[in-house]
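Read the figures in this text as sums done on the coordinates, not as results from a lab. Source: prediction; values computed, not measured. Neighbour counts run over all protein chains shown; Cβ positions are idealised from the backbone, glycine included.
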Amino acid sequence: MTKDSAYSKMLAIYKKASTERPDGWRFGQAVFNFTFGKYPEQANMLRGSDVDCFYNDDKINEFIETMIELLKNK
């Protein structure tokens, strides 16, 4: 996958998390869960890491940037 393609895929997940997250989910939780739904292997690689945004919304950008790198190498 190219970097542009990986960026587009993560942008779509970001937008989905912005507009379709269930009540009670924080934004970072939605970004992680929607990413996991599409790319479970790569999301699991980031689970519990310094860029895991599930519990920390401040890490969303780092999570997305790291996912783009993982996906472009897929």
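Here are a few things to note about the model shown:
- Within region 6-18, being in contact with a Leu (Cβ under 8 Å, 6 or more places away or on another chain) and farther than 17 Å from N33 by Cβ holds for one residue alone: A6.
To keep it simple, each residue is scored yes or no on (1) in a loop (DSSP other than H, G, I, E, B); (2) in contact (Cβ under 8 Å) with a residue 60 or more places away in the chain; (3) at positive phi.
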{"site": "M10", "(1), (2), (3)": "no, yes, no"}
{"site": "I13", "(1), (2), (3)": "no, no, no"}
{"site": "V51", "(1), (2), (3)": "yes, no, no"}
{"site": "Y55", "(1), (2), (3)": "yes, no, no"}
{"site": "D58", "(1), (2), (3)": "no, no, no"}
{"site": "N61", "(1), (2), (3)": "no, no, no"}
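- Counted residues, region 32-49 - those being loosely packed, with under 15 Cβ neighbours inside 10 Å and either assigned to a loop (DSSP other than H, G, I, E, B) or among the aromatic types (F, W, Y) (or both): 3
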